[in-house]
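Q: One structure, as structure tokens, below. Some questions next.
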Amino acid sequence: MANGFTSGSSCSSFLQVAGHLDEKILKPLATYPQQRRGRCKCCLSADPSLGSWLRPNKGKCQHFNHVKAIRTRTYYKSEEYDITEPAAVDSMKAAEGSSEVVLASSWWEQVPKRWVIVLLCFTAFLLCNMDRVNMSIAILPMSQEFNWNSATVGLIQSSFFWGYLLTQIVGGIWADRIGGKVVLGFGVVWWSIATILTPIAARIGLPFLLITRAFMGIGEGVAMPAMNNILSKWIPVSERSRSLALVYSGMYLGSVTGLAVSPMLIHKFGWASVFYSFGSLGSIWFALWIKKAYSSPKEDPELSPQEKKLILGGNVAKEPVSVIPWKLILSKAPVWALIISHFCHNWGTFILLTWMPTYYNQVLKFNLTESGLLCVLPWLTMAVFANIGGWIADTLVSRGLSITTVRKIMQSIGFLGPAFFLTQLSHVRTPAMAVLCMACSQGSDAFSQSGLYSNHQDIGPRYAGVLLGLSNTAGVLAGVFGTAATGYILQRGSWDDVFKVAVALYIIGTVVWNLFSTGEKILD
């Protein structure tokens with residue numbers, strides 16, 4: 001063949017053609033392990049290192065068959081190229097371009113799989129609070145359309161907690177037995193469907209709306225126990241605080257997103273659009289979850305051996321449980337420290353987040369628009385400080401401080417910080433300082449994500465779902481009772497009295513936590 005590689009061609013001709021190939025292809029050529037010693041008949045004058053690439057084949061130089069580049073194999077068939085023909089150059093350029101596309105498309109694979117799981121959980125919690133807070137905005141036009149009074153509005157708002165309370169412990173048991181992937185996936189699908197059905201139920205009648213909201217609570221009730229279960233298996237202890245902080249910050253940002261986007265959707269498309277649009281996002285998340293998530297590293301066929309070794313080295317017990325040892329669990333003082341501390345923590349948190357708009361309006365004399373905007377500030381503050389606290393906690397653990405000491409430090413900040421700033425509210429003289437105190441109170445509260453919220457996985461990784469279900473049940477009850485008690489106190493007292501009760505519970509929680517909590521595993 002004219003200008004082709006024939007039996008009389010030298011290796012220098014081949015190297016001229018190879019010069020057109022990208023350096024990314026030539027480099028593996030030079031280092032490919034030799035399988036044969038010696039050189040082919042047409043390459044006697046060539047560098048011996050090329051001998052294994054060139055094989056005698058009826059007078060022709062048969063060059064390489066395949067090249068491995070960055071975990072992706074790209075095959076190049078043995079062809080006779082004429083370097084003077086444009087088609088040959090175009091063919092080589094096409095091969096080079098396709099290689100670059102393959103290399104660029106593999107960036108997702110470089111993300112550690114455990115952090116893919118964390119990001120998916122973060123997104124689930126983002127959707128969780130978006131779907132939860134949208135009712136607080138949509139209830140205003142809904143009450144006008146359906147002529148609901150204040151008592152009916154309160155009944156609708158509280159109906160969510162009927163289902164939410166039912167599935168805290170059940171969701172934890174389910175997750176610990178069959179795995180967090182199934183339970184969290186079920187929860188997101190369930191509450192997304194309930195969200196979409198909300199406008200339809202409201203138009204059918206009030207009883208149907210109450211049932212739908214309770215059903216939504218059932219779906220969201222399993223989310224936290226399931227998430228805690230799956231992260232207990234995927235995240236080593238050195239990354240536990242920051243992973244949980246990131247996931248929980250999804251809740252805070254979900255509230256910000258819901259409060260910010262809902263008014264715009266209602267203004268442009270009507271109140272029903274909030275439920276349809278937010279609920280439909282769950283289907284997108286579920287498709288990614290089914291494809292990418294696994295309940296434990298042992299079930300993931302795509303997980304690299306290095307990452308699996310890292311994860312399993314930090315978490316010894318990985319098998320699902322068949323029987324929940326209730327007597328053993330409830331006999332442990334650190335478990336009761338979790339339950340009591342969660343109650344004390346959520347009393348103050350729910351009061352601030354539920355009654356904050358009223359406080360801004362009645363005490364600081366802000367109008368409703370300003371109150372709504374300022375309500376977003378604590379959520380943003382909590383999202384930022386939760387991640388700062390997670391980074392600090394993991395850094396302290398990596399530097400040799402005991403997990404018990406780290407958990408006590410972080411939760412003490414989460415208790416005493418809000419207590420201090422709430423006591424300052426009665427002394428401030430300007431609305432700006434009052435808002436600053438509220439934001440600082442919630443910001444320091446977010447350190448609890450690296451304290452009690454991380455402790456379930458410390459003391460019993462195999463029962464992390466059940467433990468969170470137990471403590472969060474107490475936390476939800478604190479929110480229900482605390483919200484009602486605040487209204488009762490305000491009828492007979494003042495806001496200072498409300499804050500004094502919260503401060504007293506924060507101090508009780510601090511004492512109980514520091515006396516009885518531990519970062520060591522007590523449940524095997």
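The values are calculated or read from the model by the stated rules, or taken from the named source; none is laboratory data. The structure presented is a predicted model; accordingly, all values stated were derived computationally and were not measured. In this analysis, Cβ positions are derived from the backbone assuming ideal geometry, glycine residues included, and neighbour counts consider all displayed protein chains. These accessible areas exclude ligands, DNA and RNA; they are computed on the full protein's heavy atoms, side chains included. Shrake-Rupley method; radii C 1.70, N 1.55, O 1.52, S 1.80 Å.
Q: Give me the one-decimal nm value for the distance between modelled label points at Leu166 and Val116, 7 Å along each residue's Cα-to-Cβ direction.
A: For Leu166 paired with Val116, the spin-label model returns 3.6 nm.
Q: Say each of Ile388 and Thr358 gets a label point 7 Å from the Cα, pointing the same way as Cα to Cβ; how far apart are those two points in nm?
A: Modelled inter-label distance: 3.1 nm.
Q: Then there is this: Could you give the length gained by full extension between Glu520 and Arg203, i.e. 0.36 nm per residue of separation minus their alpha carbon distance, to one decimal place?
A: Between Glu520 and Arg203, full extension yields an extra 108.9 nm.
Q: Take the Cβ-Cβ distance between Ala485 and Thr404 as r, set R0 to 35 Å, and report the resulting FRET efficiency rounded to the nearest 0.05.
A: Values: r = 33 Å, r/R0 = 0.94.
Efficiency, rounded to the nearest 0.05: 0.60.
Q: Once fully extended, how much extra length lies between Arg492 and Ser283, figured as 0.36 nm per residue of separation less the alpha-carbon to alpha-carbon distance? Can you show the working numbers first?
A: Values: separation 209, 0.36 × 209 = 75.24 nm, distance 4.77 nm.
Working it through step by step, the gained length comes to 70.5 nm.
Q: Past the 18 Å Cα-Cα mark, which pairs from Lys233/Lys332; Lys113/Lys181; Lys233/Lys308? Please report the intermediate quantities before stating the final value.
A: Values: Lys233/Lys332 22 Å; Lys113/Lys181 14 Å; Lys233/Lys308 11 Å.
Over 18 Å Cα-Cα: Lys233/Lys332.
Q: Separate question: Tally up the carbon and sulfur contribution to the accessible surface of the range 325-523 as a whole percent, 1.4 Å probe, everything protein left in place.
A: On the way: 5560 of 7950 Å².
So the carbon and sulfur contribution to the accessible surface is 70 percent.
Q: If you don't mind, another one. Under the classification rounded if a/c is under 1.5, otherwise prolate if a/b is larger than b/c and oblate if not, where does the range 482-524 fall, given a ≥ b ≥ c as square roots of the Cα gyration tensor eigenvalues? Walk me through the numbers on the way to the answer.
A: Numbers: a/c = 6.66, a/b = 2.90, b/c = 2.29.
Note, shape of the range 482-524 comes out prolate.
Q: What distance in nm separates the two pseudo spin-label positions at Met264 and Lys308, each 7 Å out from Cα along the beta-carbon direction?
A: Here the modelled spin labels are 4.5 nm apart.
Q: Roughly how far apart, in whole Å, are the Cα centres of the range 211-288 and the range 435-461?
A: Their Cα centres are 19 Å away from one another.
Q: Rounded to a whole number, what is D in µm²/s for the range 325-523 from Stokes-Einstein with the Kirkwood radius over alpha-carbon pairs (20 °C, 1.002 mPa s)?
A: 124
Q: Report relative contact order for the range 325-523 in percent, whole number only (criteria: Cα-Cα under 8 Å, sequence separation at least 6). List each step's numbers first, then the result.
A: Working: 261 pairs, mean separation 81.1, N = 199.
Once normalised by length, the contact order is 41 percent.
Q: Follow-up. Find the accessible area per residue for the range 109-315; the probe is 1.4 Å, ligands and nucleic acids are left out, and the unit is Å². Please list the in-between numbers first.
A: Numbers: 8050 Å² over 207 residues.
Here the residues of the range 109-315 average 39 Å² of exposed surface.
Q: OK, next. So, in Å, what gap is there between the alpha-carbon centers of the range 463-500 and the range 376-423?
A: The distance from the Cα centre of the range 463-500 to that of the range 376-423 comes to 21 Å.
Q: State the percentage of accessible surface on the range 188-298 attributable to carbon and sulfur atoms; use a 1.4 Å probe and exclude ligands, DNA and RNA. Don't skip to the end; give the middle numbers.
A: Working: 2930 of 3820 Å².
C and S fraction of accessible area: 77 percent.
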